[in-house]
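**Student:** Mind looking over this structure? Questions follow.
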Amino acid sequence: MGRWRASLVISRIIYASKSTFNLNYNSNPPLRSPYFSSISENRNQFLNLRLFSALPFPAPYYTEDIDFNQSQIGEEVSKNEDEVKIPVKAFFLCTSVDLKNLQAENSRYVIPATSRSSNSIALRFWDSPLQSGRASEENASCYRYMVIFQYGSVVLFNVEDHEVDFFLQTVRRRASGLLPEMRKDDYAIKERPLLVEDMQGGPDYIVLKNLDVDSIRIIGSVLGQSIALDYFVSQVDGMVEEFAKINRGMEKTGTFTMHRKKLFQLVGKANSNLADVILKVGLFERSEIAWRDAKYAQILDYLREEYEITQRFGNLDFKLKFVEHNIHFLQEVLQNRKSDLLEWCIIVLLSIENVISIYEIVRDSIGMPM
């Protein structure tokens, strides 16, 4: 009887152990009677722990996670396969461009304007001017775009490095005030049709769902303003450095040497730079394209924030105020010098007049003949 009960207990323990083992392997464990459950819970806790720690635990959930990660990787790969990268190059090569004659020379490439702005034109080339044949109009990545601004900036889209000189030479023929050293900036556009949003920002690039002519005009306007602003900031920095040298010289000697003509030239240069930034570059002009469609306004706001257009103009304005303060100070010094010179001239003339008067009095008193 004791042996029968012992065998019964052992069989129940083995059955409970098998049930626990199956529970670890199956996400949906089989139903068990309360009797066997109480035995396995009350009398085999140590055995259950031992089985749990000794046997390897299969992980069907990890398999599901791996499948999920693989699906994510597959989606990223498909996105990257559909993505098209378009290089963008911005140049500032002169201070003025004759847009009217330039447009007449390239009339077959001109893209009709979508706004009333007259400070820029956009050209579209169906294929590379250095290659024969005509690209398919259905393939947007084969287009070459060039946006030229009246104040001297040129922005090229989808143009290779060996093709840049050809496009810039077209602009140089109608440019005035060519710079001795051309300024350049690089950017990139990634066209991703599967993008959920209209645009997405990144380091030195922007991701667009669809690249169209209005997007090109918006991106070109910000890049053109940024590269032109760099030039004007460098001009103002040169004036700040010049006045800094004058101030250091005044600190050592207590005076300065500057001709009035040179000072007037600095005044004119400072005023012309500020006028060019505000009027020609048009930093604060409203974009009609961005005003009509919110997605273009989003691109415009993002790029202006990315290139810190407002902050850089604020720094430029601060430097110009420093230059203006120094100009006023030096003008007052030169004016005081001029007043002192006039006063000395008056003193000399009065002295000469007094000498002549004394001579006449002495002559009359002694009766000297004329």
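**Student:** Given the whole protein assembly as supplied and a 1.4 Å probe, what does the accessible area of GLU305 come to in Å², nearest 10?
**Tutor:** 120 Å²
**Student:** Which percent of the accessible heavy-atom area of the stretch 280-370 goes to carbon and sulfur, probe 1.4 angstrom?
**Tutor:** C and S atoms contribute 61 percent here.
**Student:** Accessible area of the stretch 152-274 with a 1.4 Å probe: how many percent of it is carbon plus sulfur? Write out the running numbers ahead of the final one.
**Tutor:** Working: 2980 of 6100 Å².
Looking at the stretch 152-274 in its full context, I get 49 percent from C and S.
**Student:** Probe radius 1.4 Å, ligands and nucleic acids left out: which of CYS345, CYS94 has the largest accessible area, and how do the rest follow?
**Tutor:** Details: CYS345 65, CYS94 0 Å².
So, going from the largest accessible area down, we get CYS345, CYS94.
**Student:** Counting only heavy atoms of protein chains, what accessible area per residue, in Å², does the stretch 228-370 have with a probe of 1.4 Å? All intermediate terms of the calculation are to be shown ahead of the outcome.
**Tutor:** Working: 9690 Å² over 143 residues.
On a per-residue basis, 68 Å².
**Student:** Something else now. Within 10 Å of each candidate Cβ there may be at most 15 other Cβ atoms; applying that plus a DSSP loop requirement, which trypsin sites (Lys or Arg not before Pro) in the stretch 140-215 survive? Don't skip to the answer; put the middle values down first.
**Tutor:** Numbers: sites: ARG144, ARG172, ARG173, ARG174, ARG183, LYS184, LYS190, LYS209; in loops: ARG173, ARG174, LYS209.
Passing both the DSSP loop test and the Cβ count: ARG173.
**Student:** Past the 22 Å Cα-Cα mark, which pairs from LYS262/LYS338; LYS184/LYS295; LYS100/LYS295? Present the calculation step by step, with values, prior to reporting the outcome.
**Tutor:** Values: LYS262/LYS338 16 Å; LYS184/LYS295 27 Å; LYS100/LYS295 31 Å.
Pairs exceeding the cut-off: LYS184/LYS295; LYS100/LYS295.
**Student:** What is the extension gain from PHE264 to LYS245, computed as 0.36 nm multiplied by their sequence separation minus the C-alpha to C-alpha distance, in nm to one decimal? It would help to have the intermediate numbers written out before the result.
**Tutor:** Numbers: separation 19, 0.36 × 19 = 6.84 nm, distance 1.75 nm.
Gain on extension, PHE264 to LYS245, equals 5.1 nm.
**Student:** Under 14 Å from the 7 Å Cα→Cβ point of ARG173, by amide nitrogen: which residues of the stretch 83-103?
**Tutor:** 98-103
The values are calculated or read from the model by the stated rules, or taken from the named source; none is laboratory data. Small disclaimer: the values here were computed from a predicted structure and weren't measured. With ideal geometry, Cβ positions are generated from the backbone for all residues, glycine too; neighbour counts draw on all protein chains shown. Accessible surface areas use protein heavy atoms only, side chains included; no ligands, DNA or RNA. Shrake-Rupley method; radii C 1.70, N 1.55, O 1.52, S 1.80 Å.
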